[in-house]
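All remarks here apply to the structure that follows.
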Amino acid sequence: MKEAARQARADNHLIGLVPTMGALHEGHLSLVRRAKQECSRVYASIFVNPKQFSPNEDFAKYPRAFESDSAKFAELGIDALFAPPPEEIYPTGFSTYVNVEGISDRFEGRSRPGHFRGVATVVLKLFEIIQPDFAYFGRKDAQQVAVIQRMVRDLNLSVQIVVCPIVREPDGLALSSRNAYLNPEERRAATVLHRALEAARAELIRGTRDSLQVQNTMRAVFEKEPLARLDYAEVVAADNFDPAVRVSRASYILVAAYLGKTRLIDNMLVEPVNTDSSELQFHL
Ligand code: AMP
(Lines give C-alpha, C1' and ligand atoms only; values in the text may rest on other atoms or scores of the structure.)
Protein backbone atom coordinates (compact mmCIF):
# COMPACT_ATOMS: atom_id res chain seq x y z
CA MET A 1 0.00 0.00 0.00
CA LYS A 2 2.85 2.36 0.89
CA GLU A 3 4.59 1.67 -2.39
CA ALA A 4 1.42 2.18 -4.49
CA ALA A 5 0.67 5.45 -2.71
CA ARG A 6 4.27 6.62 -3.03
CA GLN A 7 4.14 5.97 -6.78
CA ALA A 8 0.82 7.83 -7.10
CA ARG A 9 2.32 10.82 -5.26
CA ALA A 10 5.37 10.72 -7.53
CA ASP A 11 2.99 10.79 -10.52
CA ASN A 12 1.36 13.92 -9.07
CA HIS A 13 -1.99 12.31 -8.34
CA LEU A 14 -4.36 13.82 -5.79
CA ILE A 15 -4.97 11.00 -3.34
CA GLY A 16 -8.25 10.47 -1.47
CA LEU A 17 -8.64 7.97 1.37
CA VAL A 18 -11.93 6.49 2.61
CA PRO A 19 -11.34 4.57 5.86
CA THR A 20 -14.05 2.04 6.84
CA MET A 21 -14.64 -1.03 8.95
CA GLY A 22 -16.45 -2.74 6.07
CA ALA A 23 -20.01 -4.16 6.03
CA LEU A 24 -20.58 -1.45 3.47
CA HIS A 25 -23.79 0.50 2.98
CA GLU A 26 -24.75 3.63 1.02
CA GLY A 27 -23.18 5.84 3.72
CA HIS A 28 -19.75 4.40 2.99
CA LEU A 29 -20.33 4.48 -0.75
CA SER A 30 -21.32 8.16 -0.63
CA LEU A 31 -17.84 8.90 0.75
CA VAL A 32 -16.23 7.03 -2.16
CA ARG A 33 -18.36 8.89 -4.71
CA ARG A 34 -17.36 12.23 -3.20
CA ALA A 35 -13.68 11.19 -3.19
CA LYS A 36 -13.94 10.13 -6.84
CA GLN A 37 -15.20 13.62 -7.73
CA GLU A 38 -12.28 15.35 -6.04
CA CYS A 39 -9.27 13.02 -6.36
CA SER A 40 -7.46 11.25 -9.18
CA ARG A 41 -6.55 8.25 -6.98
CA VAL A 42 -9.05 6.89 -4.46
CA TYR A 43 -8.03 4.32 -1.88
CA ALA A 44 -10.42 2.68 0.57
CA SER A 45 -9.52 0.71 3.64
CA ILE A 46 -11.37 -2.00 5.51
CA PHE A 47 -10.04 -2.63 8.97
CA VAL A 48 -12.15 -3.71 11.93
CA ASN A 49 -9.90 -2.04 14.45
CA PRO A 50 -9.69 -4.13 17.65
CA LYS A 51 -8.28 -1.16 19.60
CA GLN A 52 -11.45 0.93 19.26
CA PHE A 53 -13.71 -1.73 20.79
CA SER A 54 -13.79 -2.06 24.57
CA PRO A 55 -13.72 -5.59 26.03
CA ASN A 56 -17.52 -5.78 26.48
CA GLU A 57 -18.22 -4.56 22.92
CA ASP A 58 -19.03 -6.32 19.67
CA PHE A 59 -15.56 -6.74 18.05
CA ALA A 60 -15.86 -10.51 17.50
CA LYS A 61 -19.37 -10.33 16.07
CA TYR A 62 -18.99 -7.03 14.19
CA PRO A 63 -20.40 -7.76 10.69
CA ARG A 64 -17.77 -8.80 8.14
CA ALA A 65 -18.54 -9.07 4.42
CA PHE A 66 -15.23 -8.87 2.63
CA GLU A 67 -16.28 -10.41 -0.69
CA SER A 68 -19.35 -8.27 -1.27
CA ASP A 69 -17.54 -5.19 0.12
CA SER A 70 -14.68 -5.50 -2.36
CA ALA A 71 -17.20 -6.00 -5.21
CA LYS A 72 -19.01 -2.78 -4.17
CA PHE A 73 -15.76 -0.82 -4.03
CA ALA A 74 -14.64 -2.25 -7.38
CA GLU A 75 -17.94 -1.23 -8.97
CA LEU A 76 -17.37 2.37 -7.86
CA GLY A 77 -13.90 2.24 -9.40
CA ILE A 78 -11.56 2.70 -6.45
CA ASP A 79 -7.87 2.36 -7.27
CA ALA A 80 -6.92 0.07 -4.39
CA LEU A 81 -8.47 -1.53 -1.32
CA PHE A 82 -6.25 -1.69 1.76
CA ALA A 83 -7.43 -4.46 4.08
CA PRO A 84 -4.51 -5.40 6.31
CA PRO A 85 -4.64 -8.24 8.85
CA PRO A 86 -4.61 -6.99 12.48
CA GLU A 87 -1.08 -8.28 13.16
CA GLU A 88 0.26 -6.10 10.37
CA ILE A 89 -1.24 -2.98 11.94
CA TYR A 90 -0.45 -4.05 15.50
CA PRO A 91 2.75 -6.11 15.49
CA THR A 92 3.85 -7.82 18.70
CA GLY A 93 5.01 -5.21 21.19
CA PHE A 94 2.93 -2.40 19.67
CA SER A 95 2.97 0.35 22.30
CA THR A 96 2.42 3.79 20.74
CA TYR A 97 -0.98 5.51 20.94
CA VAL A 98 -2.53 8.84 20.02
CA ASN A 99 -4.62 10.34 22.80
CA VAL A 100 -6.63 13.42 21.84
CA GLU A 101 -7.28 14.77 25.33
CA GLY A 102 -10.52 16.29 26.57
CA ILE A 103 -12.84 15.71 23.66
CA SER A 104 -12.09 11.95 23.71
CA ASP A 105 -13.47 11.61 27.24
CA ARG A 106 -16.97 12.95 26.60
CA PHE A 107 -20.17 11.45 25.17
CA GLU A 108 -19.06 8.54 22.95
CA GLY A 109 -15.74 8.50 24.83
CA ARG A 110 -17.45 8.28 28.23
CA SER A 111 -19.81 5.53 27.07
CA ARG A 112 -16.97 3.71 25.26
CA PRO A 113 -13.70 4.12 27.24
CA GLY A 114 -10.60 3.91 25.02
CA HIS A 115 -12.67 4.15 21.85
CA PHE A 116 -11.22 7.41 20.51
CA ARG A 117 -7.66 6.44 21.45
CA GLY A 118 -8.12 3.41 19.21
CA VAL A 119 -9.68 5.51 16.44
CA ALA A 120 -7.04 8.26 16.51
CA THR A 121 -4.20 5.71 16.59
CA VAL A 122 -5.41 3.68 13.62
CA VAL A 123 -6.37 6.75 11.58
CA LEU A 124 -2.93 8.29 12.10
CA LYS A 125 -1.39 5.00 10.96
CA LEU A 126 -3.57 4.98 7.83
CA PHE A 127 -2.59 8.61 7.16
CA GLU A 128 1.09 7.69 7.52
CA ILE A 129 0.88 4.61 5.29
CA ILE A 130 -1.05 6.32 2.49
CA GLN A 131 -0.31 10.04 3.04
CA PRO A 132 -3.53 11.11 1.33
CA ASP A 133 -4.28 14.68 0.29
CA PHE A 134 -7.91 14.26 1.38
CA ALA A 135 -9.58 11.85 3.78
CA TYR A 136 -13.35 11.36 3.77
CA PHE A 137 -15.45 10.87 6.91
CA GLY A 138 -19.19 10.81 7.57
CA ARG A 139 -20.88 13.38 9.80
CA LYS A 140 -22.80 10.41 11.23
CA ASP A 141 -19.81 10.04 13.59
CA ALA A 142 -19.54 13.74 14.39
CA GLN A 143 -17.40 13.35 17.50
CA GLN A 144 -15.01 11.07 15.63
CA VAL A 145 -14.63 13.81 13.00
CA ALA A 146 -13.92 16.38 15.73
CA VAL A 147 -11.29 14.09 17.32
CA ILE A 148 -9.59 13.52 13.97
CA GLN A 149 -9.69 17.21 13.01
CA ARG A 150 -8.09 18.07 16.36
CA MET A 151 -5.38 15.44 15.82
CA VAL A 152 -4.68 16.79 12.32
CA ARG A 153 -4.34 20.32 13.68
CA ASP A 154 -2.33 19.43 16.79
CA LEU A 155 0.13 17.15 14.96
CA ASN A 156 0.48 19.37 11.84
CA LEU A 157 -0.71 16.63 9.52
CA SER A 158 -0.99 17.64 5.85
CA VAL A 159 -4.20 15.76 5.07
CA GLN A 160 -7.43 17.69 4.58
CA ILE A 161 -10.49 16.19 6.29
CA VAL A 162 -13.67 16.20 4.20
CA VAL A 163 -16.90 15.76 6.16
CA CYS A 164 -19.83 14.22 4.22
CA PRO A 165 -23.57 14.34 5.02
CA ILE A 166 -25.45 11.57 6.83
CA VAL A 167 -27.12 9.05 4.53
CA ARG A 168 -30.48 7.82 5.87
CA GLU A 169 -33.12 5.19 5.24
CA PRO A 170 -36.42 6.55 3.85
CA ASP A 171 -37.89 6.51 7.39
CA GLY A 172 -35.01 8.62 8.74
CA LEU A 173 -32.84 5.95 10.40
CA ALA A 174 -29.18 6.78 9.76
CA LEU A 175 -27.45 3.96 7.87
CA SER A 176 -25.08 1.98 10.08
CA SER A 177 -23.45 -1.43 9.84
CA ARG A 178 -24.91 -2.07 13.32
CA ASN A 179 -28.49 -1.73 12.02
CA ALA A 180 -28.05 -5.35 10.87
CA TYR A 181 -28.25 -6.42 14.56
CA LEU A 182 -31.81 -5.06 14.96
CA ASN A 183 -34.77 -7.45 14.99
CA PRO A 184 -37.91 -6.22 13.16
CA GLU A 185 -39.46 -4.60 16.28
CA GLU A 186 -36.20 -2.90 17.21
CA ARG A 187 -35.76 -1.75 13.62
CA ARG A 188 -39.19 -0.08 13.73
CA ALA A 189 -38.42 1.52 17.09
CA ALA A 190 -34.96 2.68 15.95
CA THR A 191 -36.47 5.67 14.13
CA VAL A 192 -36.82 7.17 17.62
CA LEU A 193 -33.34 8.74 17.29
CA HIS A 194 -34.36 10.57 14.14
CA ARG A 195 -37.76 11.45 15.60
CA ALA A 196 -36.06 12.97 18.65
CA LEU A 197 -33.84 15.07 16.37
CA GLU A 198 -36.89 16.18 14.39
CA ALA A 199 -38.59 17.18 17.65
CA ALA A 200 -35.48 19.18 18.59
CA ARG A 201 -35.59 20.88 15.22
CA ALA A 202 -39.28 21.79 15.68
CA GLU A 203 -38.48 23.19 19.13
CA LEU A 204 -35.65 25.33 17.71
CA ILE A 205 -37.84 26.54 14.83
CA ARG A 206 -40.41 27.63 17.47
CA GLY A 207 -37.67 29.90 18.82
CA THR A 208 -36.33 27.89 21.76
CA ARG A 209 -32.58 28.39 22.28
CA ASP A 210 -32.27 26.86 25.75
CA SER A 211 -30.41 23.53 25.54
CA LEU A 212 -32.16 21.96 28.54
CA GLN A 213 -35.52 22.58 26.92
CA VAL A 214 -34.29 20.99 23.68
CA GLN A 215 -32.96 17.99 25.65
CA ASN A 216 -36.25 17.58 27.50
CA THR A 217 -38.14 17.59 24.24
CA MET A 218 -35.90 14.76 22.98
CA ARG A 219 -36.28 12.79 26.24
CA ALA A 220 -40.06 13.05 25.92
CA VAL A 221 -39.87 11.36 22.50
CA PHE A 222 -37.84 8.51 24.03
CA GLU A 223 -40.27 8.11 26.93
CA LYS A 224 -42.95 7.11 24.42
CA GLU A 225 -40.71 4.41 22.87
CA PRO A 226 -40.44 1.50 25.35
CA LEU A 227 -38.06 -0.56 23.15
CA ALA A 228 -35.39 2.17 23.25
CA ARG A 229 -33.16 3.17 26.17
CA LEU A 230 -31.65 6.65 25.87
CA ASP A 231 -27.91 6.87 26.63
CA TYR A 232 -27.56 10.63 26.09
CA ALA A 233 -29.28 13.53 24.34
CA GLU A 234 -27.03 16.60 24.37
CA VAL A 235 -26.36 19.97 22.78
CA VAL A 236 -22.67 20.79 22.21
CA ALA A 237 -20.53 23.36 20.43
CA ALA A 238 -19.72 21.94 17.00
CA ASP A 239 -15.96 22.62 17.13
CA ASN A 240 -14.90 21.34 20.56
CA PHE A 241 -17.92 19.36 21.83
CA ASP A 242 -18.18 21.52 24.95
CA PRO A 243 -21.74 21.34 26.34
CA ALA A 244 -23.71 24.38 25.13
CA VAL A 245 -26.17 26.14 27.46
CA ARG A 246 -27.84 27.86 24.52
CA VAL A 247 -27.98 27.15 20.80
CA SER A 248 -26.42 30.39 19.58
CA ARG A 249 -23.58 29.24 17.30
CA ALA A 250 -22.79 26.11 15.28
CA SER A 251 -23.89 23.22 17.49
CA TYR A 252 -24.52 19.51 17.32
CA ILE A 253 -27.64 17.97 18.78
CA LEU A 254 -26.36 14.51 19.73
CA VAL A 255 -28.29 11.37 20.55
CA ALA A 256 -27.20 7.85 21.52
CA ALA A 257 -29.52 5.02 22.50
CA TYR A 258 -29.79 1.27 22.95
CA LEU A 259 -32.31 -0.78 21.00
CA GLY A 260 -32.04 -4.06 22.86
CA LYS A 261 -28.28 -4.73 22.95
CA THR A 262 -27.55 -2.56 19.90
CA ARG A 263 -26.18 0.91 20.51
CA LEU A 264 -26.97 3.53 17.85
CA ILE A 265 -25.96 7.19 17.48
CA ASP A 266 -27.26 10.07 15.41
CA ASN A 267 -26.95 13.84 15.30
CA MET A 268 -28.11 17.08 13.71
CA LEU A 269 -25.83 20.01 12.91
CA VAL A 270 -27.44 23.38 13.64
CA GLU A 271 -25.86 26.67 12.62
CA PRO A 272 -26.85 30.31 12.17
CA VAL A 273 -27.80 31.10 8.56
CA ASN A 274 -25.15 33.83 8.64
CA THR A 275 -22.99 35.50 11.26
CA ASP A 276 -25.40 38.28 12.24
CA SER A 277 -28.60 36.24 12.08
CA SER A 278 -30.45 34.37 14.82
CA GLU A 279 -32.17 32.25 12.18
CA LEU A 280 -30.86 28.68 12.15
CA GLN A 281 -30.25 26.17 9.40
CA PHE A 282 -30.39 22.44 10.05
CA HIS A 283 -28.35 19.56 8.65
CA LEU A 284 -30.08 16.35 9.59
P1 AMP B 1 -17.43 2.68 9.82
O2 AMP B 1 -17.27 1.60 8.81
O3 AMP B 1 -18.67 2.57 10.65
O4 AMP B 1 -16.18 2.94 10.61
O5 AMP B 1 -17.67 4.01 8.97
C6 AMP B 1 -16.74 4.42 7.99
C7 AMP B 1 -17.05 5.82 7.57
O8 AMP B 1 -18.37 5.87 7.01
C9 AMP B 1 -17.02 6.82 8.74
O10 AMP B 1 -16.42 8.02 8.30
C11 AMP B 1 -18.48 7.01 9.03
O12 AMP B 1 -18.77 8.26 9.61
C13 AMP B 1 -19.08 6.91 7.65
N14 AMP B 1 -20.50 6.60 7.75
C15 AMP B 1 -21.08 5.59 8.45
N16 AMP B 1 -22.42 5.66 8.35
C17 AMP B 1 -22.70 6.73 7.58
C18 AMP B 1 -23.91 7.33 7.11
N19 AMP B 1 -25.11 6.83 7.41
N20 AMP B 1 -23.82 8.43 6.34
C21 AMP B 1 -22.60 8.95 6.03
N22 AMP B 1 -21.43 8.44 6.42
C23 AMP B 1 -21.48 7.34 7.19
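The values are calculated or read from the model by the stated rules, or taken from the named source; none is laboratory data. The model shown is predicted, which means the values in this text are computed figures rather than measured ones. Positions of Cβ are generated from backbone atoms using ideal geometry, with glycine treated the same way; all protein chains shown enter the neighbour counts. Heads up: the accessible areas ignore ligands, DNA and RNA and are worked out on the full protein's heavy atoms, side chains in. Shrake-Rupley method; radii C 1.70, N 1.55, O 1.52, S 1.80 Å.
Please give the number of the condition Arg150 fails out of (1) touching a strand residue (DSSP E or B) at 6+ places or on another chain (Cβ under 7 Å); (2) part of a helix (DSSP H, G or I); (3) more than 9 Å from the ligand (Cβ to nearest atom); (4) touching a residue at least 24 places away in the same chain (Cβ under 8 Å).
Going through the list (1) touching a strand residue (DSSP E or B) at 6+ places or on another chain (Cβ under 7 Å); (2) part of a helix (DSSP H, G or I); (3) more than 9 Å from the ligand (Cβ to nearest atom); (4) touching a residue at least 24 places away in the same chain (Cβ under 8 Å), Arg150 breaks only (1).
Only one of these is more than 16 Å from the ligand (Cβ to nearest atom), open to solvent by 40 Å² or more (accessible area, probe 1.4 Å) and in contact (Cβ under 8 Å) with a residue 12 or more places away in the chain: Arg64, Arg9, Arg33. Name it.
Values: Arg64 fails: more than 16 Å from the ligand (Cβ to nearest atom); Arg33 fails: more than 16 Å from the ligand (Cβ to nearest atom).
From the options Arg64, Arg9, Arg33, the qualifying one is Arg9.
Being under 15 Å from Ala35 (Cα atoms) and either open to solvent by less than 40 Å² (accessible area, probe 1.4 Å) or basic (Lys, Arg) (or both) is the filter here; which residues of the stretch 140-165 pass it? Spell out how you get there, then give the answer.
Step one: list which residues in the stretch 140-165 are under 15 Å from Ala35 (Cα atoms), which gives 159-165.
Across the stretch 140-165, the qualifying residues are Val159, Ile161, Val162, Cys164.
Please go through the stretch 175-201 and pick out each residue that is within 16 Å of the ligand (Cβ to nearest atom), outside any helix (DSSP H, G or I) and out of contact with any helix residue (DSSP H, G or I) (no Cβ under 8 Å at 6 or more places or on another chain).
So the first thing to find is which residues in the stretch 175-201 are within 16 Å of the ligand (Cβ to nearest atom), and the list is 175-182, 187, 190-191, 193-194, 197.
Then keep just the ones that are outside any helix (DSSP H, G or I); that gives 175-176, 182, 190-191.
Leu182, Thr191, listed by residue number.
State all residues of the stretch 202-226 that are touching a strand residue (DSSP E or B) at 6+ places or on another chain (Cβ under 7 Å) and either crowded, with 18+ Cβ neighbours inside 10 Å or in a loop (DSSP other than H, G, I, E, B) (or both); if no residue qualifies, say none. Talk me through it step by step, then tell me what you get.
Of all residues in the stretch 202-226, those touching a strand residue (DSSP E or B) at 6+ places or on another chain (Cβ under 7 Å) come to 204, 209-211, 214-215, 218-219, 222.
Across the stretch 202-226, the qualifying residues are Leu204, Arg209, Ser211, Val214, Gln215, Met218, Phe222.
Is there a residue being touching a Phe, Trp or Tyr at 6+ places or on another chain (Cβ under 7 Å), open to solvent by 40 Å² or more (accessible area, probe 1.4 Å) and within 16 Å of the ligand (Cβ to nearest atom) anywhere in the stretch 123-139?
no
Checking the structure you have, find out if any residue of the stretch 227-243 is free of Cβ contacts under 8 Å to residues at least 24 places away in the same chain, open to solvent by 10 Å² or more (accessible area, probe 1.4 Å) and within 16 Å of the ligand (Cβ to nearest atom).
Narrowing the stretch 227-243 to residues free of Cβ contacts under 8 Å to residues at least 24 places away in the same chain: 237, 242.
In the following step, the residues that additionally are open to solvent by 10 Å² or more (accessible area, probe 1.4 Å) were identified as 242.
Checking which are within 16 Å of the ligand (Cβ to nearest atom) leaves us with none.
No, the stretch 227-243 has no match at all.
I'd like to know if the stretch 166-174 contains one or more residues that are within 14 Å of the chain's Cα centre (by Cα), crowded, with 19+ Cβ neighbours inside 10 Å and within 13 Å of the ligand (Cβ to nearest atom). I'd like the intermediate steps shown before the answer.
Restricting attention to the stretch 166-174, the residues satisfying the condition of being within 14 Å of the chain's Cα centre (by Cα) are 166-168, 174.
Next cut, crowded, with 19+ Cβ neighbours inside 10 Å only: 166, 174.
Applying the additional criterion that residues be within 13 Å of the ligand (Cβ to nearest atom) yields 166, 174.
Yes, there is a match, as at least one residue in the stretch 166-174 is within 14 Å of the chain's Cα centre (by Cα), crowded, with 19+ Cβ neighbours inside 10 Å and within 13 Å of the ligand (Cβ to nearest atom).
Just checking, which of Glu87, Glu57 is open to solvent by 20 Å² or more (accessible area, probe 1.4 Å) and without any contact (Cβ under 8 Å) to a residue 40 or more places away in the chain? Lay out the reasoning, then the answer.
Details: Glu57 fails: without any contact (Cβ under 8 Å) to a residue 40 or more places away in the chain.
One residue alone meets the criteria, Glu87.
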